[in-house]
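For reference, the structure discussed in these notes is given below.
The values are calculated or read from the model by the stated rules, or taken from the named source; none is laboratory data. Here the structure is a predicted model, which means the values were calculated and not measured. Cβ coordinates were reconstructed from backbone atoms using ideal geometry, including for glycine residues, and neighbour counts include every protein chain displayed.
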Amino acid sequence: MKKTRPVRFLIVAAIIISAGLSISFLATQETRDFRIAKNLDIFLSLYRELNTFYVDDLNPDKLVKTGIDNMLKTLDPYTVYYPESESEEVAFMTTGKYGGIGSLIRGGGEYVVISLVYKGFPADLAGVRAGDLLKKVDGVSLENADTELVSQKLKGNPGTTVNLTIERNGKEMVIPVRREKIEIPSVPYYGMIDQETGYIRFTNFTQNCTEEVRNALIKLKNEKAAKIILDLRSNPGGLLTEAVDIVNLFVGPGNEIVSTKGKVKQFDESFKTSKAAVDQDIPLAVIINRGSASASEIVAGAIQDLDRGVVVGQRSYGKGLVQITRPLSYNTQLKVTTAKYYIPSGRCIQALDFSHPNEDGSVGIIPDSLISEFRTRNGRVVKDGGGITPDVDVVPSSLSQIAAELYMRNFIFDYATRYFWNNPAPESPEKFIVSDQIYTDFTNFLRERNFSYSTITELSLNELISNAKKEKYYELHKDLFTELQNDLRHTLENDLVTFRNEISELLADEIIGRYYYEEGSIKYSLGTDEQVMKAVEILKRGDEYKSILQGRSGSILITREDNAIMSVFRYGSGHGDDVNV
């Protein structure tokens, strides 16, 4: 009996401790639930008082959505509330489909403008063209309307007709367009770069995108492609399962591609390849840039971790978070971050630490002290905490100030519109060049439009002079300031000569797109694209390709000053604020 006493004591103690922990947990949970209920009651009573006593009438939808949006901003940028009016946007994110006319629109002026027309879709077939100003929709003026409002008016049920009043070359006309179900292709272009290298441009991970990539891969192999380039630049990602299936095209069954871990255990899952690969041996190069995110990073990271191919380009965005959509009441929806994902080596490539925001609400990058090393299948060192680092880092130089101004202020776009309506189509995208005659005409166009700009250097010097005058140093060094102003003053004529190559690249890209759509622009760019050219070179050099995958060569850095076309311009769909309609 004496021997059992300590046992009984331990059992009783364990029960007491367990009960204590349960009581503590329940107390904590009760406190948490009370705090939630208390704050919701405060919010409701606050809104009731505002609605009763505020001097002006309130818009309940706008006020509550503003409150929700600002609440979610304290979490991460991927947790988003969608009211019923934006349900089509949620569908477009996952399926790439919507009811509309098949074009992009851009704001910034008195009227929105058609910035891109998708080949073969309703707007294209009806005769709408890039550069057309949208004046009215079904007789309703769009003067000073923002892109969101115009988008709502242009989208609608497939089979319905919308009448567009557009202005083209100073003349108005009405064009009826029959809305259809719009499904933007995930592979806008694929083709042979040379006799043995196939190229696939892949832009979005929507439902069934794997079939598009599969078909492109099979057709390229039928055209005798012995090497493949998969271009994921500026691909923002999408469906995780499609990312797994894309890797499965190049990797056989049974390989873990990604796993997810979150607070709710039901979202913890491992995703493996399950089918036979289309080709698990063909030499492969994957191109990425800062705009490659989410599912793009899963594909590039898995290919790298499994040593299945060489990654070329620039460090990717660094989004290692997973979202799902949850239905709410009244047909509203919540896209919410539920987990982090981990690629085959075990690393999570999330770059920003949203779990530890600064006092001002901003977030920082994962500190070096928390970055860990992992190993690929062949033992190569890779790291977490900052996107996918390419095996071969090819960094395009930035645009000159004048080229950036011409692009962002739509002078390139507007000239391409004028050129399109006054010139026949070039023989082919690959053969088009901006001749002396075209460039002179563009220069005259800028003079007609009174184009001018200030360089960052000039703006900085002006600020320096302003501060010097306030502090009474200017008069002491007036001659020096005057000399600096004269030395640093730019002229439009000189800059147009100095930076002609990069301006011509932007012009050609925009002009070709008017005649040969997005496919033509991509095809044109391949001949001068440094990142693509480097990928081709590595694939051709079999020994270098194998050496990289076996870890016998370090990360290679290539910087090309002669290629000033930033991928953000070439590989985005127009400006960042363009909207699908």
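Residue check: is residue 273 surrounded by fewer than 21 Cβ atoms within 10 Å (Cβ to Cβ) and among the β-branched types (Val, Ile, Thr)?
Criteria not met by residue 273.
Give the residues of region 229-258 that are touching a helix residue (DSSP H, G or I) at 6+ places or on another chain (Cβ under 7 Å) and of a type in the set (Val, Ile, Thr), sorted by residue number.
229, 246, 247, 257, 258
Could you tell me whether any residue of region 542-553 is buried (at least 19 other Cβ atoms within 10 Å of the Cβ) and among the aliphatic types (A, V, I, L, M)?
Yes, there is a match, as at least one residue in region 542-553 is buried (at least 19 other Cβ atoms within 10 Å of the Cβ) and among the aliphatic types (A, V, I, L, M).
Having 3 or more residues that are touching a Lys or Arg at 6+ places or on another chain (Cβ under 9 Å) and not assigned by TED's automatic domain parsing to the domain that holds residue 120 is the bar; report the helices (runs of 4 or more DSSP H) wholly within region 490-554 that clear it.
Helices (runs of 4 or more DSSP H) meeting the threshold: 500-525, 530-540, 542-549.
Take residue 373 and decide whether it is within 30 Å of residue 501 (Cα to Cα) and charged (D, E, K, R).
Judged against the criteria, residue 373 is not a match.
So, in region 470-488, how many residues would count as being surrounded by 12 or more Cβ atoms within 10 Å (Cβ to Cβ) and of a type outside the set (Phe, Trp, Tyr)?
5
Of the numbered conditions (1) at pLDDT 95 or above; (2) of a type in the set (Lys, Arg); (3) surrounded by fewer than 17 Cβ atoms within 10 Å (Cβ to Cβ), residue 135 satisfies every one except a single condition; which is it?
Of (1) at pLDDT 95 or above; (2) of a type in the set (Lys, Arg); (3) surrounded by fewer than 17 Cβ atoms within 10 Å (Cβ to Cβ), only one is false for residue 135: (3).
Restricted to region 458-475, and to residues that are in contact with a helix residue (DSSP H, G or I) (Cβ under 9 Å, 6 or more places away or on another chain) and of a type in the set (D, E, K, R), which residue is nearest to residue 488 (Cα to Cα)?
458
Give me a count of the residues in region 432-457 that are among the β-branched types (Val, Ile, Thr) and either in contact (Cβ under 8 Å) with a residue 60 or more places away in the chain or within 13 Å of residue 503 (Cβ to Cβ) (or both).
Going through region 432-457 one residue at a time, the tally reaches 5.
Within region 416-433, how many residues turn out to be among the aliphatic types (A, V, I, L, M) and either closer than 21 Å to residue 129 by Cβ or in contact with a Cys (Cβ under 6 Å, 6 or more places away or on another chain) (or both)?
2
Condition first: assigned to a helix (DSSP H, G or I), under 39 Å from the mean Cα position of the chain (by Cα) and of a type outside the set (D, E, K, R). Now tell me which residues in region 446-465 satisfy that.
446, 456, 457, 459, 460, 461, 462, 464
So residue 423 fits all but one of (1) assigned by TED's automatic domain parsing to the domain that holds residue 550; (2) touching a strand residue (DSSP E or B) at 6+ places or on another chain (Cβ under 9 Å); (3) loosely packed, with under 14 Cβ neighbours inside 10 Å; what number is the exception?
Only one criterion is unmet by residue 423, namely (2).
Filter region 195-209 down to the residues that are more than 20 Å from residue 520 (Cα to Cα) and more than 19 Å from the chain's Cα centre (by Cα) and list them by number.
Matches in region 195-209: 196, 208.
State whether one or more residues within region 190-198 are surrounded by 22 or more Cβ atoms within 10 Å (Cβ to Cβ), of a type in the set (Phe, Trp, Tyr) and touching a residue at least 40 places away in the same chain (Cβ under 8 Å).
No.
If you scan region 316-345, which residues turn out to be under 20 Å from residue 93 (Cα atoms) and assigned to a loop (DSSP other than H, G, I, E, B)?
Of everything in region 316-345, those that are under 20 Å from residue 93 (Cα atoms) and assigned to a loop (DSSP other than H, G, I, E, B) turn out to be 317, 318, 319, 320, 328, 332.
Quick check on residue 332: is it over 26 Å from residue 391 (Cα atoms), over 20 Å from the mean Cα position of the chain (by Cα) and touching a residue at least 24 places away in the same chain (Cβ under 8 Å)?
Yes, satisfied.
Which one of 128, 140 is crowded, with 18+ Cβ neighbours inside 10 Å and at negative phi?
Going through 128, 140 in turn, just one is crowded, with 18+ Cβ neighbours inside 10 Å and at negative phi: 128.
Here is a list of conditions, (1) surrounded by fewer than 17 Cβ atoms within 10 Å (Cβ to Cβ); (2) out of contact with any Gly (no Cβ under 6 Å at 6 or more places or on another chain); (3) closer than 30 Å to residue 262 by Cα, and residue 371 meets all of them except one; can you say which number that is?
Just one mismatch for residue 371, condition (2).
Please go through region 45-104 and give me each residue that is among the aliphatic types (A, V, I, L, M) and touching a residue at least 24 places away in the same chain (Cβ under 8 Å), ordered by number.
Scanning region 45-104 gives 75, 80, 90, 93, 101, 104.
So in region 383-393, with the set limited to residues that are in contact with a helix residue (DSSP H, G or I) (Cβ under 7 Å, 6 or more places away or on another chain) and at pLDDT 95 or above, which one is nearest to residue 288 (Cα to Cα)?
388
Could you pull out every one of the strands (runs of 3 or more DSSP E) wholly within region 104-199 that has 3 or more residues that are in contact with a Ser or Thr (Cβ under 7 Å, 6 or more places away or on another chain)?
113-117, 171-178
Please state which one of 553, 547, 567 is closer than 27 Å to residue 413 by Cβ and either out of contact with any helix residue (DSSP H, G or I) (no Cβ under 6 Å at 6 or more places or on another chain) or at pLDDT below 95 (or both).
Unique residue meeting the criteria: 567.
Which numbered condition trips up residue 261, out of (1) in contact with a helix residue (DSSP H, G or I) (Cβ under 9 Å, 6 or more places away or on another chain); (2) among the basic types (Lys, Arg); (3) in a loop (DSSP other than H, G, I, E, B); (4) surrounded by fewer than 17 Cβ atoms within 10 Å (Cβ to Cβ)?
Unmet for residue 261, out of (1) in contact with a helix residue (DSSP H, G or I) (Cβ under 9 Å, 6 or more places away or on another chain); (2) among the basic types (Lys, Arg); (3) in a loop (DSSP other than H, G, I, E, B); (4) surrounded by fewer than 17 Cβ atoms within 10 Å (Cβ to Cβ): (3).
Evaluate the following for residue 186: is it more than 30 Å from residue 282 (Cβ to Cβ), within 26 Å of the chain's Cα centre (by Cα) and buried (at least 18 other Cβ atoms within 10 Å of the Cβ)?
no
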